[in-house]
Amino acid sequence: MKYILIFMLLSNCILAQSTRRISKDFDGDSIKDTIYIDSDTRKLVCLLSTQHFKKMESKGIPSLNFGNTLVETKKGFEFWNDYDRSGFINEFLYNKVIKKMQLIKITRTDYDISWTKYGEKVKGGSGKSTIDLLTNNYIGDFYAVIDEKLIKLPLINAKIVLTVTTIENFSDAIYFNFEKKCVALYEEQKAKMK
């Protein structure tokens, strides 16, 4: 009985934190649209009223992890996916010109530095980076371990240009490409500190 109760409590906690479907007006016509995660095909699926609810699917997301979720924003939504030592938040907003949900921002949290070894400063992640895909502005805020000491790196401001991405051409390759560029900037900044 004790194990059944524990299982039920854990299941409720997991289900309460995970949103797999959002129904709201994304395209501004006062009719509810829908976005959901299809775990079977490992894709995001979007149905917009302005597109007559035609099914628009992302490309495959092979890195789709158990903790993936959708989060409502004021006018759009975020798709959260944690992968190994990084977590990604991909923010989408309706683009009235192309009449599609467009990726406008990616946020990455890095978990490479052990908080049990280096303390509370890195408990929520050893670094965060964000790119605004409408302006191409990148900001990276990281810690590094140099000579066994935790060092706060100077804030990184840069321009990164990624391809315009809508639901139909979105995949995890987009945020892994961002991660690669982000890591290169981090390594460059870290090298300056030595």
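The values are calculated or read from the model by the stated rules, or taken from the named source; none is laboratory data. Here the structure is a predicted model, which means the values were calculated and not measured. Positions of Cβ are generated from backbone atoms using ideal geometry, with glycine treated the same way; all protein chains shown enter the neighbour counts. Each accessible area value is taken on the protein alone, full model and side chains, heavy atoms only, with ligands, DNA and RNA left out. Shrake-Rupley method; radii C 1.70, N 1.55, O 1.52, S 1.80 Å.
Of all residue pairs spaced 6 or more apart or on separate chains, those with beta-carbon atoms under 8 Å, a first member in the stretch 28-55 that is of a type in the set (A, V, I, L, M) and a second member that is open to solvent by 40 Å² or more (accessible area, probe 1.4 Å) and part of a loop (DSSP other than H, G, I, E, B) are Ile31/Asp25; Ile37/Arg20; Leu47/Phe53; Leu47/Lys54; Leu48/Lys54; Leu48/Lys99. Across the stretch 159-176, the number of residues qualifying as charged (D, E, K, R) and under 14 Å from Leu93 (Cα atoms) comes to 1.
State which residue is modelled with the lowest pLDDT when the search covers only the stretch 1-56 and only residues that are assigned to a helix (DSSP H, G or I) and hydroxyl-bearing (Ser, Thr, Tyr). Only one residue tops the list, namely Tyr3. Looking only at residues in the stretch 57-98 that are outside any strand (DSSP E or B), modelled with pLDDT under 95 and touching a helix residue (DSSP H, G or I) at 6+ places or on another chain (Cβ under 6 Å), the one that is surrounded by the fewest Cβ atoms within 10 Å (Cβ to Cβ) is Ser63.
Against the test of being on the phi < 0 side of the Ramachandran plot, out of contact with any Ser or Thr (no Cβ under 8 Å at 6 or more places or on another chain) and without any contact (Cβ under 8 Å) to a residue 60 or more places away in the chain, the options Lys105, Lys117 yield a single qualifying residue, Lys117.
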